[in-house]
Every structure is written in C-alpha cells, then in structure tokens.
1. Run down GLU168, GLU210 and say which single residue is surrounded by fewer than 18 Cβ atoms within 10 Å (Cβ to Cβ), within 25 Å of ALA343 (Cβ to Cβ) and acidic (Asp, Glu).
2. State whether one or more residues within segment 477-490 are out of contact with any strand residue (DSSP E or B) (no Cβ under 7 Å at 6 or more places or on another chain) and farther than 23 Å from LYS157 by Cα.
3. When you check THR364 against the structure, is it within 30 Å of ARG57 (Cβ to Cβ) and either out of contact with any Pro (no Cβ under 9 Å at 6 or more places or on another chain) or at pLDDT 95 or above (or both), yes or no?
4. ILE119 is checked against (1) more than 16 Å from ligand 1 (Cβ to nearest atom); (2) surrounded by 22 or more Cβ atoms within 10 Å (Cβ to Cβ); (3) of a type outside the set (S, T, N, Q) and fails just one. What number does that condition carry?
5. What number of residues within segment 125-162 satisfy the criterion of being crowded, with 23+ Cβ neighbours inside 10 Å, away from ligand 2 (no atom under 16 Å from the Cβ) and not hydrophobic (A, V, I, L, M, F, W, C)?
6. Return the residues of segment 36-80 that are more than 9 Å from ligand 1 (Cβ to nearest atom), charged (D, E, K, R) and in contact with a helix residue (DSSP H, G or I) (Cβ under 6 Å, 6 or more places away or on another chain); say none if nothing qualifies.
7. Filter segment 514-534 for residues that are at pLDDT below 85, in contact with a helix residue (DSSP H, G or I) (Cβ under 9 Å, 6 or more places away or on another chain) and not in a loop (DSSP other than H, G, I, E, B) and give the result.
8. Name the single residue that is nearest to ligand 1 (Cβ to nearest atom) among those in segment 144-194 being within 11 Å of ALA394 (Cβ to Cβ) and basic (Lys, Arg).
Amino acid sequence: MAENPLLGKSEKEIHRIILLSNIEVAYRYASLVTSSLGPQGFHKIIVDEDNFIIVTRDGRTIFENTHVDHPVEGLLLELAKTQDEEAGDGTTTAVVLTGELLKNAVELLDLGVHPTTIIEGYKKAAKESIRIMEGLAVVMRDERSLRSVARSALNNKMLAPYKEFFAELIVEAVLSTLEDGKANAENIVLERVQGGSIKDTQLLRGVLVEAKVVLPNMPSKVENPKIALIGTNIGPPVGTLGELAIEVELSSPEELEKLERSRYSFSALKDIVKHLRDLGVNVVLCRKEISSAAMHYFAENGIMALRNIKLKTLEKVSKLTHGKIILNAATATESDLGCAEIAEERKIGDFNFIFIGYNDASATDARNTGVVTILVRGGTKQVVDETYRTIHDAVRAVVNAYNEAVLPGGGAVEVEVAQQLRKLALSESTKLQLSMLAFVKSLEAIPEILAKNSGFDHISILLELRRAHANGKRYHGFDVLNGDIANMLERGVLEPLKVKRQVIKGALETAQLILRSDDFIPKRELEDVEEALIRKDVAKAREHGFDIEKPYREAVKFFGRQNVLDAIRICGWRSVEEVTGIVTGKKFETKAAEK
Ligand code: ADP
Ligand code: MG
C-alpha cells in the first residue's frame, strides 16, 4: 500500500499539501476544456448517464456531463454555469483563465508568497482589468458589426460552413426583439427538432406551440386568428382541482352543489363557448384541461382549441399577440384577446406544432414582432444539440453587444489589458507586484491557447501581439482563421464587454475560493503522463483483439483521452473509430491484432 503522504507532517505542511493538491485537481479539470477554446477548438465526445453520445465543445456541457467527484470540480462546474447564465457565452474562457490563475499561483507559493497576498494581487488586477476593458470597449450596433459578433461566437468547427447563414439569421432575430432601444434574448425562443439538415434551420416570426388539433372537425388553420389565452380548466378539471383556489362563502351544501353545477354543467360550458365565439375568438389556448364536451362545442363553432399548453408558451404567445392570459373564460372581453396573422398546424420532424404568428412575406414591417423563434434542425441529435448550444451562445452575444458594447477578440483585449496592467503593477510592493504579474501571465494564456489550438507557434504569436500593442495597436489580435495579426474590430472578431467582464469576475472568484481552500480532501489521484497511458491503452486494445493505434491516437487528439475511453467503455472500440470518422472525415480500418 502506498504510504500516506500526510503522515508525520505538521498541520501547516498538511494544509499546503492539500492546497496544492486542490489546485492540481482544478487545473487538470480545467484543462479538459482548454483544447476546445476558439474557432479551431476540439470537440469532445461525452457519454452521458443514459449512455447517450454527446459531441460538443461547449464548456458548460462538457462539465455538466463529466462526472464530478471532487468539490473543486464542482466549483468549476458552478463557474461555467454562472458564466452561461450571466453572459450566455465565454464559459470556456472563464474556466481556462481560472486554471491559469491557479497554475501561476503555484509558482508564487513556491517563492513563499502567502495565498492571501496572491488573492489580494489578483483582486486588484481583476478590478483594474475591468476598468481597462471598459475604456477599450466600443459601441457597434450596425448590422454588419452585429453579424461579426455572431460570427465570432459561432466559432464552432462543426458549423463553419453555415456561419454566414446563421450570423444573418441571428442578427435578424435579435433586431426583431427591440424594445425601448434594447434587445431582449428572452424573446427569442429556441426550438430544436431533429431531422432535415442544419440548413433547414429557420427564423419564424412567431411561436411554435407544441400541440395537436385533436378533432377532425376542428380547423387546423386559421387566418387572422383572434386568440383567447386561458389559464384554468375549461370544463371539469381532470384529476386535480387545478392551481386556482377560489374563496367563496357558502351558507349551505345546496349552494355548493349549485356552484359546482353551474361551473361544470354542459349548458354553462356551451355558454362559455358561445361567449368566446361571439367575441370573435377562433383560437383558444388553454393552460389546463379542456373537457371533451367543451372540445366538441369548440369544434362545432369552428374554433381551434388547444389544451395543456405550458405556461411559458402561453406567456410567449401573450407577448407576441398582445393577448392577456385570463383566468375565467366566461368573463373574457375583447381587449383580452390576442391577434396574429396565422395560426396553423405544422408537422416538423416527428412533432406536431401549431405555429402562431406572422407570415414571412410581411417580415420587413413585422421586424418587431416582439417574439421570434429560431427552429434548429439537423440530421442527428448530436448535431442538432450542438447547433442549438452554439446558436444559444451567439444569440446572447449579439444581444449583449447590442445592449452594451464590444471588445476586440482573438486575444486582443487580453494582451492590451496585460500591457497596461504590467505598468500598473510596477508601483506596487514586491509581493503584490508578483501576484499582479501572475494575473497578467494568466490573461496572456488566452491568445496563446487560441494560437496553439489552431496549430500556430504560440510563443512567437504572443510576442508579436505584445509588440503590436506596445506600438499602440490596441485592437490587434490573432485571427485564427486567417493566421495573421490584425485589427480585430476591422476583422470583425468581436466579443461583448459583458462576456469578458463576467469572465474576469467569475475566474477571480473561483480562483480565490480554491486558493483559500486548505481543507477539501481530494478523493482521487488523477492520471498522469498522457503518452505512457496511450501506450497502455493501445496494448489493452490489442489484448482485446484490436490493432487500433492509429485511429485511437487520432481520436485522442481530437476528443481527449478521457472522452475516448468513456466512449469505448460504453460502446466498444469500434465506436470510437466511427465517431472520429464522422467528425474528422477520415476513414479508419481496424484490423484484428496479430497475436
Ligand atoms: P467561450 O466558451 O469562452 O466563448 P469559445 O470557444 O467560443 O469559448 O472561444 C472564444 C474565443 O475565441 C474568444 O477569445 C474569441 O475572441 C476567440 N475567437 C473567435 N473567433 C476568432 C477568430 N477568428 N480568430 C481568433 N480568435 C477568435
Ligand atoms: Mg463562445
């Protein structure tokens, strides 16, 4: 048995060992996503709890689906979630920056700098970084710039051929949601339905309601619908009484009976339907049940009635059509009703929807329909899901850029901030200065990783970037797709200030928590020495009768070793070959190993 490394150590030493170990776990876990950063970032294959294969390069998705068995890993997952929720993009950057802050802290710890001092220096540097960024940010709201923002956020290898198409679609969507001069991401509904191809993804000026017209004599298409949005049951509730409690004072059981009867009697139902019909209603969306009797009355009156509609959907329809969600259908008034151009049944893939909204023909004057839907399509679930995640990020990026301001991407902002911070650090005491410089170094890791991930010499690129910025080229960054250093504002590699600000805040907070932690007990030893392990894996494959070295190495290069192993564990050696083949476009042939 291995000797307990904590045996015979002083408390102080133990704390230090635990701190270092926590940092190591964090750095390694963060490294899971390092290779995914930027337009040339790698995808990972993840096998989720239900043995489903996910192909993604989204930081949050990777963390959410990799098993967390260490508190430090939990902290990084939280960081990714917060980044996503606050800013909608930048999750990978936040995690990578945290990893770098921790790695660079280790050097300072070795020099005898106390964690508190490191934290102090990091805090100061973070605060200054945000200030410098705010000074650097520019407002760029024209369509061309917004499309650039979208393109920078759509930096996913898998979607590269569709970048223009999506950028245009997303900007159009965002510009349809303007309200008091602000764009609103909440009014862009993302739906995904497997089937068709990525190119079939479309912008709909309205809302898709997941529902079906259930009666043959009920209309499945209504032009110029007048819509009633009802929040409670129509007819006797099925099963439960519903969420709405009405307080009525009753003096006798007879009265209760009368009330019940009047609420649910058929004649009362008929009256409700008649009342709605007289108002001109031809579409009814009900949050709860509509009794079968009521359904028939609706059908007889040529009204499309849909039941069990999610509250969220009702709210979207309400926003779109300016109808109010009402609790009592019997007292609905004209002003409660919503209108649109069309309500019609549409079968998309294997699902039934009712589309409520506007025809595309009138799109130009319907720019601010308030609510739009991006319907994401794609041939496989993996593709649809990854497209969905990427579009989600890009929508948020464009909204943030519209509402606030943008920064130059491609490492430009990091190098500029680094340069200014370096000067500021000079006026601090030695130890604080060291910590601030460690922060600077961490920031500069971003352009380095971007360059590295696309196969460029990261050291010379960083040096060139530094030189450009020393010569006052504040917006120069490394354009990964073009392989050169240029003004990122002109190249259109743009990132929302909001994203970058949150990256700094989140990374600082998380690094700080970990640097203060000297009592999480690490639960597992992490693997080491990639190459040796790969050789071991290859040998193991051979034992199982597979001579698979080449595709395996290719797979590890593309997806990272742990992902590949997970996939193998669930689906066998051949699966890796397949998935690798699909994503890299290469063909592999596994021959049986010669024994
Ligand atoms: P995140 O999850 O942090 O958003 P991404 O994988 O989306 O991670 O990568 C974001 C980084 O990629 C940003 O630093 C951004 O500036 C950079 N980037 C995007 N497009 C380009 C490009 N054409 N050249 C260089 N860097 C780019
Ligand atoms: Mg991104």
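1. Testing whether each residue is surrounded by fewer than 18 Cβ atoms within 10 Å (Cβ to Cβ), within 25 Å of ALA343 (Cβ to Cβ) and acidic (Asp, Glu) leaves just GLU210.
2. No, segment 477-490 contains no residue that is out of contact with any strand residue (DSSP E or B) (no Cβ under 7 Å at 6 or more places or on another chain) and farther than 23 Å from LYS157 by Cα.
3. no
4. Tallying (1) more than 16 Å from ligand 1 (Cβ to nearest atom); (2) surrounded by 22 or more Cβ atoms within 10 Å (Cβ to Cβ); (3) of a type outside the set (S, T, N, Q), ILE119 fails exactly one: (2).
5. Total satisfying the criteria: 1.
6. LYS44, GLU73
7. GLU530, LEU533, ILE534
8. Per the criteria, the residue is ARG151.
The values are calculated or read from the model by the stated rules, or taken from the named source; none is laboratory data. The shown structure was predicted, so the numbers you read here are calculated from the model rather than taken from an experiment. We place every Cβ from the backbone using ideal geometry, glycine too, and count neighbours over all the protein chains shown.
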